[in-house]
């Protein structure tokens, strides 16, 4: 299901730049191949998702717009199994807090 085109927002690229070059490339390539692989829907109303990448050491937060995956953030969120058990409101709040910490409040979900 890697037929989505991927667009990286500047804010996501800024977060990605805080990682080493190898990690940045691995995250981008893995996500590009299949953005929907193991994706968790965060907010159905906004079509926002989280996809674990790089051996589930990082998570890519993205919005689905037609046939485009618009990447909003990349965060070191590893406890995705716990996230799967939460309801939509708690998922959004949890991921939102992680994004706020990583982006120093510059990105909101």
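The values are calculated or read from the model by the stated rules, or taken from the named source; none is laboratory data. These numbers come from a predicted model, not from an experiment. Cβ atoms come from the backbone with ideal geometry, glycine included; neighbour counts cover every protein chain shown.
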Matching residues, the stretch 43-57, being at positive phi and out of contact with any strand residue (DSSP E or B) (no Cβ under 9 Å at 6 or more places or on another chain): 54, 55, 56
Could you please find all residues in the stretch 33-42 being surrounded by fewer than 17 Cβ atoms within 10 Å (Cβ to Cβ), touching a strand residue (DSSP E or B) at 6+ places or on another chain (Cβ under 9 Å) and at negative phi? 34, 36, 37, 41
Just one listed residue, out of 50, 63, 86, is without any contact (Cβ under 8 Å) to a residue 24 or more places away in the chain and in a strand (DSSP E or B), and it is 63
Answer with yes or no whether residue 13 is surrounded by 12 or more Cβ atoms within 10 Å (Cβ to Cβ) and without any contact (Cβ under 8 Å) to a residue 40 or more places away in the chain. yes
For the stretch 10-39, give me the residue count where each residue is in a helix (DSSP H, G or I) and closer than 19 Å to residue 99 by Cα. 12
Does residue 73 fit the bill of being closer than 18 Å to residue 30 by Cα, part of a loop (DSSP other than H, G, I, E, B) and touching a helix residue (DSSP H, G or I) at 6+ places or on another chain (Cβ under 9 Å)? no
Answer yes or no: is there a residue in the stretch 19-32 that is within 19 Å of residue 106 (Cα to Cα), modelled with pLDDT under 95, crowded, with 16+ Cβ neighbours inside 10 Å and over 12 Å from the mean Cα position of the chain (by Cα). yes
For residue 91, which of the numbered conditions (1) touching a helix residue (DSSP H, G or I) at 6+ places or on another chain (Cβ under 8 Å); (2) farther than 20 Å from residue 108 by Cβ; (3) touching a residue at least 12 places away in the same chain (Cβ under 8 Å); (4) in a helix (DSSP H, G or I) fails to hold? (2)
Of the listed residues (98, 42, 7), the one being in a strand (DSSP E or B) and out of contact with any helix residue (DSSP H, G or I) (no Cβ under 8 Å at 6 or more places or on another chain) is 7
Select from the stretch 59-69 the residues that are out of contact with any helix residue (DSSP H, G or I) (no Cβ under 9 Å at 6 or more places or on another chain) and at negative phi and list them in ascending order. 63, 64, 65, 67, 68
Being on the phi < 0 side of the Ramachandran plot and at pLDDT below 95: is that true of residue 106 here? yes
